[in-house]
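Quick note: the coordinates plus some simple rules give every number you see, no bench work behind them. Keep in mind that what you see is a predicted model, and the values were worked out from it rather than measured. Cβ placement follows ideal geometry from the backbone for every residue including glycine, while neighbour counts extend to all protein chains displayed.
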Amino acid sequence: MQFTRRDFLGLTVTGSAIYGLGSTAPRFLAHAAERAGEQDRVLVVIQLSGGNDGLNTVIPFRHDVYRKSRPQLALAADRVLKIDDELGFHPELTGLARLLEAGELAIVQGVGYPNPNRSHFESMDIWHTCQRKTDQRLDGWLGRAIDRLQHEPSSDAIALHLGEKKQPFALTSQHWRVPSVRSLEQFRLQGNQETQAQTIKQLVESKRSNSSDLLDFVQSSTATAVDVSQRFDQIGKSYQPKAEYPESALGQKLKTVAQLIDAGLSTRIYYVEVDGFDTHAQQAPAHESLLREVGNALAAFTTDMGGQGQGDRVLSVCFSEFGRRVQENASSGTDHGTAGPMILAGAKVKAGLIGEHPSLTDLEQGDLKFHTDFRQVYAGILEQWLECESPSILGGEFEPVSLIDG
Amino acid sequence: MTIHAQIDPQWAWSPVQPDEWTLRKAAHLYRRGGFSASAEQLSQATRLTPHEAVRGLIEATEESTTQYETLANSVLATGNADNLTAWWMYRLLHTAAPLREKLTLFWHGHFATSAEKVTDSQLMYQQNVLLREHALGNFGALLHEISRDPAMLLYLDSASNRKAHPNENYAREIMELFCLGEGNYTEQDIRELARCFTGWEVRAKRFRFNRYQHDNGEKTIFGQTGDFSGDDGIDLVLAQPSGPEFLCTKLVKFFVADEPSPSTELIAPLAQEFRDSGLQIRSVIDRILNSNYFFSEQVIGRKVRSPVEYAVGLLRTLEGSTNFYDLAARLDDLGQKLFFPPNVKGWEGGRTWINSSTLLARANLVRDLLDREETRFAGGGMVDLCDKHELKSPAEVVDWLQANLLAVELSPDVRSGLVRKLESGTEPRERRLRQVVYLICTMPEFQLS
């Protein structure tokens, strides 16, 4: 049974506007939330932190250079899950192979950017902000998208970060605080006083005379936290998953996302992370288990969304800050590299391989050369999925990659 | 955004005038240079000059380390690194040398190494001992030591760095994160430096140089060529001009203000001091903590409290004690589990400490702390603490809590709201007092240092 959004509209206003604090933010927004409606499309971003080895994700298994560069790590033709005659998935990616067969998976190959930076942090910041270190970075690409998508406070946060770590820069917006949620259970104020949250909220929202930029930030963040925790208290318990989620951390996070979508939240963007892809040593077992986690969780989520009748409005996208070097190192691992594949899942994706596999013979300092700028993929997501203009968000015109069917 | 740009570096780092030395400034010094202090300690500090108070912090030593060592041995015997986290929390709550602990925490974040990957608590503990020993010492010596520290070698995979295929991880991080900063080296420098570290291994929990795996060939790093060893490589990195700026910037962010990033001009005098002293950490800390800028209104209350500062600071201020194992376990929810930094970059700090989950976790940590019978203040309840400090009226209590706990004053509305909570209600006074402490801890003001 679908828990309808009307059941809890008007209860609280979450995702406080930064500028709405102190003065009383308008709280009527039931009709606005309703208008936002159940038809709005949802984007789920899955960040693979540490630099995923793209070459052992989508594998050019026939290629001599691949086999010779990776005496320890190369996967043999009889082990890969064939995509075509040249390329195959890592054997642990059965979940993705299944999605591909169902026409719900797209693989954009050879994604990167010019003058690649091999520092995790710098490269991640580039992916998050679309800006280089020399630019003044104030917000992230999704933060800018949020600023285009939402103009007034709404009953639900426009974007949510599900994770225990610091919030991704990509979600930093000029106008809205994006809540970070570790888990639904953890996300509530403890204590037996029913009025406690209300008291805190009242004190937090009272006007500050000695305000500073930093105090304002903490003030609006606290108000958002209390709002969202009150909102989550109202979330229905009716959700029944239509797929079996793995017990892995990512599996459970995506299950939470599914639960929130099913509950009728008007949130448009969800962000989750999986860490551990920095496989400098003994890569094979670690990478195997990470890919299994990603593949199975993504497959379960996509299947569940389809089963809930939400398949047409949910798109998931996986990215990593860089790929890894073609040549393996002495520790049976791989060092930081450049281009890699991006993976998209959902009922509406243009299924199959998009773009060529990057050349294994035409390398730059031992690294793959990119042919598709990540901002072209972002442009596709922004224009074809979230329906907002991309140049002002991406800081320039990028030819969108065609990602969505119809 | 450009507050720092307008600051005169000459003025900024000159010694602060001893007049206008107040309890508020003493509390600031102890919040930043330590983990806050009791009202008694603060009142003692106000009877000194600021420079004497800073010297006291810099020169403080533990009266005895026996209790810490005994506890360390017992937690190491469990083999569980979570207990090591609790051990450090205990030490932070009781230390007589808070600045040394603060710097040990700084270096732990700087040379971030996680028990998650290292998995050997003994090695993590040894690294902690190393960081504490060098916390205020010579940076060059610290860098040489940490480069052969077994936990570090395991964490950054240098332990499997072989001649045939050098592993670049440690070479990259020593330049990017430990010494120079991104952009002050080339990818070629990293590859060549990685060759210097080939053959640096861990055997039987100790550092070992395996000469069969060391690449003796010529390397070119920063334009210099030679058959450099690992130690030569470290010295080449230490000689780079960008190092002192990079490190002083990080120290200023940690001790002075999170944002905006300090300008090159502001850092220059500190970097010069650092260079001239032969990279003595103490010289820079001494200069920072004694300075005009450090004690200025532009700096007080302009940092986000880290989770450790939040929890330990509350207890040290209120002369509190509690179950430190449970407290340590809860810090993970706030985003700072000691011995388990999130990645090689350590904790980023500043605004990244704050999001809706960590804020709720902060509130819940204090809720839990206050609801526990075993949490004591001045050996008893909040009532006893108030009696000890002769706080009678609700307004006196709120003002005392505010003066001791907060870097930023509460607005009059909030203050009077809290006074009303204390005045009214049917609950016993102890519960009302605890509720007011709880509410203060959930206020935006308490998140700032």
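Of the GluC sites (Glu not before Pro) found in region A:360-406, the ones in coil according to DSSP and having at most 14 other Cβ atoms within 10 Å of their Cβ are A:GLU387, A:GLU389, A:GLU397.
Please give the average number of partner chain Cβ atoms lying within 10 Å of the Cβ of each residue in B:338-348, rounded to a whole number. All intermediate terms of the calculation are to be shown ahead of the outcome.
Values: counts 0, 0, 0, 0, 5, 7, 3, 3, 0, 1, 3.
That average works out to 2.
Taking R0 as 60 Å, what's the FRET efficiency between A:ARG67 and B:ASN138 from their Cβ-Cβ distance, rounded to 0.05? The calculated FRET efficiency here is 0.75. Panel values: region B:211-275, Kirkwood radius from alpha carbon pairs, Stokes-Einstein at 25 °C and 0.890 mPa s, translational diffusion coefficient 176 µm²/s.
Just to confirm the filter: which trypsin sites (Lys or Arg not before Pro) across region A:227-294 are DSSP coil and have at most 10 other Cβ within 10 angstrom of their Cβ?
Working: sites: A:ARG231, A:LYS237, A:LYS242, A:LYS253, A:LYS255, A:ARG268, A:ARG292; in loops: A:LYS237, A:LYS242, A:ARG268.
Counting only loop positions with at most 10 other Cβ atoms within 10 Å, the trypsin sites (Lys or Arg not before Pro) in region A:227-294 are A:LYS237.
Measuring max minus min along each principal axis, the C-alpha atoms of region A:119-174 give extents of 39, 26, 12 Å (largest first). By the rule of a C-alpha distance below 13 Å, with chain neighbours fewer than 8 residues away ignored, the aspartates and glutamates paired with B:LYS253 are B:GLU245, B:GLU348. Counting Cβ atoms of other protein chains within 10 Å of each residue's Cβ and taking the mean over peptide A:330-337 gives 5. When the GluC sites (Glu not before Pro) in region B:15-58 are filtered for DSSP coil states and for at most 13 other beta-carbon atoms within 10 Å of their beta-carbon, the remaining sites are B:GLU20.
When the Cα positions of B:ASN169, B:GLN224, B:LEU180 are compared along the charge dipole of region B:156-236, B:ASN169 comes out farthest toward the positive end, with charges on each C-beta of Lys, Arg, Asp and Glu. A cut-off of 5 Å between modelled amide H atoms, ignoring neighbours fewer than 5 places along the same chain, links A:GLU273 with A:GLN47. Roughly how many Å is it from the Cα centre of region B:246-297 to that of region A:275-349, as a whole number? Answer, in whole Å: 42.
Quick one: which of B:LYS102/B:LYS337; A:LYS133/A:LYS253; B:LYS117/B:LYS337 span more than 24 angstrom between C-alpha atoms? Could you put the intermediate results ahead of the total?
Working: B:LYS102/B:LYS337 15 Å; A:LYS133/A:LYS253 31 Å; B:LYS117/B:LYS337 14 Å.
From B:LYS102/B:LYS337; A:LYS133/A:LYS253; B:LYS117/B:LYS337, over 24 Å: A:LYS133/A:LYS253.
As a test of the formula, what do you get for the protein assembly as shown when each DSSP H run with n ≥ 4 contributes -39,500 (n - 2.57) and the sum is divided by the residue count, at 222 nm and rounded to the nearest 500 deg cm²/dmol? List each step's numbers first, then the result.
Details: 35 runs with 370 residues, N = 855.
Calculated at 222 nm, the ellipticity per residue is -13000 deg cm²/dmol.
At the listed q of 0.10, 0.12, 0.15 Å⁻¹, the Debye profile of region A:5-394, built from one uniform point per Cα, gives log10 I(q)/I(0) equal to -0.66, -0.92, -1.34. Taking 0.36 nm per residue of sequence separation and removing the Cα-Cα distance, the A:GLU387/A:ASP78 pair yields an extension gain of 107.0 nm.
Listed by chain and number, the lysines whose alpha-carbon sits under 22 Å from that of A:LYS82, ignoring those within fewer than 8 places in the same chain, are A:LYS68, A:LYS350.
All Cα-Cα separations within region A:177-245 were binned at 10 Å from zero, giving a P(r) of 17, 41, 27, 11, 4, 0, each value a whole percent of the pairs. Is the shape of region B:307-447 best called rounded, prolate or oblate, per the rule: a/c under 1.5 gives rounded, else a/b larger than b/c gives prolate, else oblate, with a ≥ b ≥ c the square roots of the Cα gyration tensor eigenvalues? Prolate, since a/c reaches 1.5 and a/b exceeds b/c.
A crude spin-label estimate for the pair A:GLN198 and A:THR134, with each label 7 Å from Cα along the Cβ direction, gives 5.7 nm. To the nearest µm²/s, what D does Stokes-Einstein give for region B:156-236 at 20 °C and 1.002 mPa s, using the Kirkwood radius over alpha carbon pairs as Rh? This corresponds to a translational diffusion coefficient of 171 µm²/s. Shown here: the protein assembly as shown, whose C-alpha atoms stretch 83, 72, 53 Å along the first, second and third principal axes, sorted largest to smallest. All C-alpha pair distances within region A:274-406, sorted into 5 Å bins from zero, spread as 2, 9, 15, 17, 19, 17, 12, 7, 2, 0 percent across the bins. Annotation for B:THR22 and B:ALA403: the two label points, set 7 Å from Cα along the Cα-Cβ direction, are 1.1 nm apart. Peptide A:199-211 has a mean of 5 when you count, residue by residue, the C-beta atoms of other protein chains within 10 Å of its C-beta.
Based on alpha-carbon atoms, the Kirkwood radius and the radius of gyration of chain B give Rg/Rh equal to 1.00.
The slack in the chain from B:LYS205 to B:GLU297, taken as 0.36 nm per residue of separation less the alpha-carbon distance, amounts to 28.3 nm. Reported to the nearest whole Å, the Cα centre-to-centre distance from region A:368-400 to region B:50-109 is 50. Here the Karplus relation 6.51 cos²θ - 1.76 cosθ + 1.60, evaluated at θ = phi - 60°, turns the backbone of region B:366-380 into coupling constants of 5, 3, 4, 4, 6, 7, 7, 4, 6, 6, 10, 10, 6, x, x Hz, with x for every Gly and Pro.
If you count, for each residue, the other Cβ atoms within 10 Å and average over each peptide, how do A:45-55, B:375-385, B:331-341 line up from highest to lowest? Please report the intermediate quantities before stating the final value.
Numbers: A:45-55: 25.1, B:375-385: 18.7, B:331-341: 21.7.
Highest-to-lowest ranking by the protection proxy: A:45-55, B:331-341, B:375-385.
When region A:276-406 is described by a simple charge dipole with +1 on each Lys and Arg Cβ and -1 on each Asp and Glu Cβ, the residue from A:ILE343, A:ALA284, A:THR361 located farthest towards its positive end is A:ALA284. Size descriptor for region A:222-307, Kirkwood hydrodynamic radius: 14.6 Å (Cα pairs only, one decimal). Straight Cα distances below 17 angstrom link A:LYS207 to the aspartates and glutamates A:ASP216, B:GLU409, B:ASP413, B:GLU445, with same-chain residues fewer than 8 positions distant left out.
Evaluate the charge dipole of region A:5-394 about its Cα centre and quote only its size in Debye, nearest 20, assuming +1 on the Cβ of each Lys and Arg and -1 on the Cβ of each Asp and Glu.
On the way: 40 positive and 49 negative charges, 120 e Å.
Around 580 debye, computed over region A:5-394.
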